[in-house]
Each structure stands twice: as C-alpha cells, then as structure tokens.
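Taking it in order: structure first as structure tokens, then the write-up.
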Amino acid sequence: MVAVETRSLHRCFGGIQGYYQHSSTVIGLPMRFSVYQPPRAEQQRVPVVFFLAGLTCTEETFMIKAGAQRYAAELGLMLITMDTSPRQTGIPGETDAWDFGAGAGFYLDATAEPWARHYRMESYVTQELRNIIVDQFPADPSRIGIFGHSMGGHGALTLALRYPELFRSVSAFAPICAPMHCPWGQKAFRNYLGEDQQTWRKYDTTSLIEDGLRMPNLLIDQGLNDQFLAEQLHPHRLENACNATGQKLTLRYHQNYDHSYYFISTFIGEHLKYHRTQLG
C-alpha cells in the first residue's frame, strides 16, 4: 500500500478536510492532494467526485475557495482534488510561464522530452491517485464522478470520455473545450506531445466527440464576462460537435459572471447535486 503522509486535518461541516502528500511512482516525485470526507463517511463508503483545478492552482485552491464542503456534507459526497502538475522537477524553463510547466500539467501524459519523465498527470489521476482514494479512504469505487475548471474542465471532459469505466458523471466550469484551437492548448500540446496534431486529438474534447467517444449527460456552466471566453475556451465548438453527434449537453451561459472562483462558488451546489443524482 502506498504510504500517505497526512499534512493537516480540519473539522468542516461535521466532516474532515484533509491535506496529504505521498511519493508518486507515476510522477517520480512527491505529489500532494486533498480530500473532504463528509460526515456520512464515518459509517459507510460514499460516492466520490474528483475536481481538477485550473492553471496556477494547487491541491488547496478548490477546497479553500469554492465553498463546496457545505454541499458535500449535506449530499454525502467525498471530494478529491490534487496539485495541477509535478513540482521542482529540475526541467529548465519549468517555471518561466504561468500557463505552461509548473501549475499547468493539462492532465495528460507527456510524450516529448524533457517533459515525458514527470509530466504524467493523466496516469496519476486515473491510476495512482484513484487507487489511493479507493484503498485508503471510505470511497465507493463504483460511484465516482469528475469535474473541473478551465484547464481542469478540459481534463475532466477528456478523462471522462476516455475512461468511461472509471467516471459515471462529469461536469465543468468554463472548460477549455477545443485546446487544439487555442493558444493555451497549442502551447501545451506542442511542448508535451510534439508536433503531430493527430496525437493532440485524444486530449481535445471536441475532437474526441467528433471521433465517436461519448460520456454521460454533460453539464457545463460558462460566464459571459469571462475574459478568456473568446480566445481560449470555445464552447461553441463543443456545442456544435455535440449537436452533430447526439452527445447530451446542458450548456448554460451566465450574464456578468467571469472566470473566477466567485463564479464557481455561485454554482458549485448545483454541480454537486447533479453529480449526486448521476451517481445514485
């Protein structure tokens, strides 16, 4: 069993908010994650929702800013989030830009050097961290969902599409819907995956749906005052692909809301209720 170090525990809405660290064999470095266990987890295994955070975030950001624990306690949901990339890999240039490298792992397994050795967030989330949660916490392995924000919304959608046997529900806040067609995604894919754009398609939600992959009913919330909407997020591309293929999509636009956690905290309760219904 993987040795997990408890960094801190906090009582929260009758449950436990914990922060943890372990030596990751997938990443090859220490990784940090956080878990909220609702009060119901003291008596039984409970459904789980993984949250994938956005650029520059850590394993603490969502737990501190989203206001999710109140709803998770009421619904009996366990919440999991993790750091957004490996840290202190020693790779030159890793911390030069806020939208690439440290804090910007894009939830993929890099294949291009020098990133391929440590930047393996896809395998970390779907294999190593999932196994830790199922083995060492009162999690129901048959009822796991996933959601995320921005880069993490991209990650949640692509992982839900590619691992339907692992995730029974999925939603996103302001996700990068077509990373092959935006500067953030192109920068990440070119450096992490190389120049072959056919390889990029398996990490692009819109392309995956065009290529025939499907997920359960999908909920997305998007603010219309989001400063990244036009250049980076492209929800219209995803909407067009879903309409053309019959993929179920609930895409809700919200006047005056931006890209921040103020937006997420406004609708977090609705997302958690959605996941609770989907997971049963």
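Report yes if some residue within the stretch 264-273 is at pLDDT below 95 and either assigned to a helix (DSSP H, G or I) or over 22 Å from residue 106 (Cβ atoms) (or both); otherwise report no. No, the stretch 264-273 contains no residue that is at pLDDT below 95 and either assigned to a helix (DSSP H, G or I) or over 22 Å from residue 106 (Cβ atoms) (or both).
May I ask you to list the residues in the stretch 136-184 that are in contact with a His (Cβ under 8 Å, 6 or more places away or on another chain), in a strand (DSSP E or B) and among the aliphatic types (A, V, I, L, M)? Hit for the stretch 136-184 is 172, nothing else.
Considering only residues that are open to solvent by less than 40 Å² (accessible area, probe 1.4 Å) and more than 21 Å from residue 261 (Cα to Cα), which ones fall in the stretch 27-47? Walk me through it before giving the result.
Step one: list which residues in the stretch 27-47 are open to solvent by less than 40 Å² (accessible area, probe 1.4 Å), which gives 27, 29, 31, 33-38, 41, 46-47.
Selection gives 27, 29, 31, 37, 38, 41, 46, 47.
Set side by side, the residues 111, 126, 58, 95 differ, and just one is β-branched (Val, Ile, Thr) and more than 29 Å from residue 265 (Cα to Cα), which is 111. Pairs are defined by a Cβ separation below 6 Å, a sequence spacing of at least 6 or placement on different chains, a first member in the stretch 225-251 that is over 20 Å from residue 160 (Cα atoms) and outside any helix (DSSP H, G or I), and a second member that is small (Gly, Ala, Ser) and open to solvent by less than 60 Å² (accessible area, probe 1.4 Å); the pairs so defined are 226/174.
Among the residues of the stretch 44-103, how many are modelled with pLDDT of 95 or more and in a loop (DSSP other than H, G, I, E, B)? Count: 32. If you check 167, 173, 147, 189 for being touching an Asp or Glu at 6+ places or on another chain (Cβ under 8 Å) and open to solvent by less than 10 Å² (accessible area, probe 1.4 Å), only one passes: 173.
Would a scan of the stretch 248-256 turn up a residue that is more than 30 Å from residue 73 (Cβ to Cβ) and either of a type in the set (Val, Ile, Thr) or surrounded by fewer than 14 Cβ atoms within 10 Å (Cβ to Cβ) (or both)?
In the first step, residues of the stretch 248-256 are kept if they are more than 30 Å from residue 73 (Cβ to Cβ); the result is 255.
This time we only want the ones that are either of a type in the set (Val, Ile, Thr) or surrounded by fewer than 14 Cβ atoms within 10 Å (Cβ to Cβ) (or both), so: 255.
Within the stretch 248-256 (the criterion being more than 30 Å from residue 73 (Cβ to Cβ) and either of a type in the set (Val, Ile, Thr) or surrounded by fewer than 14 Cβ atoms within 10 Å (Cβ to Cβ) (or both)), the answer is yes, since at least one residue qualifies.
Screening residue 101 against (1) open to solvent by less than 10 Å² (accessible area, probe 1.4 Å); (2) touching a helix residue (DSSP H, G or I) at 6+ places or on another chain (Cβ under 8 Å); (3) closer than 22 Å to residue 156 by Cα leaves a single unmet condition, (2). Can you find a residue in the stretch 55-71 that is touching a Pro at 6+ places or on another chain (Cβ under 9 Å) and open to solvent by less than 10 Å² (accessible area, probe 1.4 Å)? The answer is no, given that none of the residues of the stretch 55-71 is touching a Pro at 6+ places or on another chain (Cβ under 9 Å) and open to solvent by less than 10 Å² (accessible area, probe 1.4 Å). Residue count for the stretch 211-221, restricted to those that are modelled with pLDDT of 95 or more and surrounded by fewer than 22 Cβ atoms within 10 Å (Cβ to Cβ): 4.
Of all residues in the stretch 1-26, those that are under 21 Å from the mean Cα position of the chain (by Cα), open to solvent by less than 50 Å² (accessible area, probe 1.4 Å) and hydroxyl-bearing (Ser, Thr, Tyr) total 3. Residues of the stretch 125-144 include at least one that is in contact (Cβ under 8 Å) with a residue 40 or more places away in the chain, farther than 26 Å from residue 193 by Cβ, touching a strand residue (DSSP E or B) at 6+ places or on another chain (Cβ under 8 Å) and aromatic (Phe, Trp, Tyr).
Condition check ((1) on the phi > 0 side of the Ramachandran plot; (2) touching a Phe, Trp or Tyr at 6+ places or on another chain (Cβ under 6 Å)) across all residues:
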| site | (1), (2) |
| --- | --- |
| 212 | yes, no |
| 224 | no, yes |
| 236 | no, no |
| 240 | no, no |
| 245 | no, no |
| 249 | no, no |
| 252 | no, no |
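Candidates 122, 113, 128: the one that is acidic (Asp, Glu) and open to solvent by less than 10 Å² (accessible area, probe 1.4 Å) is 122.
Taking first residues from the stretch 35-52 that are farther than 21 Å from residue 7 by Cα and partners that are modelled with pLDDT under 95 and open to solvent by 10 Å² or more (accessible area, probe 1.4 Å), the Cβ contacts under 9 Å between residues at least 6 apart in sequence or on separate chains come to 47/280.
The values are calculated or read from the model by the stated rules, or taken from the named source; none is laboratory data. Being a predicted model, the structure only gives us computed values, none of them experimental. Here Cβ is always computed from backbone atoms with ideal geometry, including for glycine, and neighbour counts include all displayed protein chains. Keep in mind that these areas ignore ligands, DNA and RNA; they rest on the heavy atoms of the full protein, side chains included. Shrake-Rupley method; radii C 1.70, N 1.55, O 1.52, S 1.80 Å.
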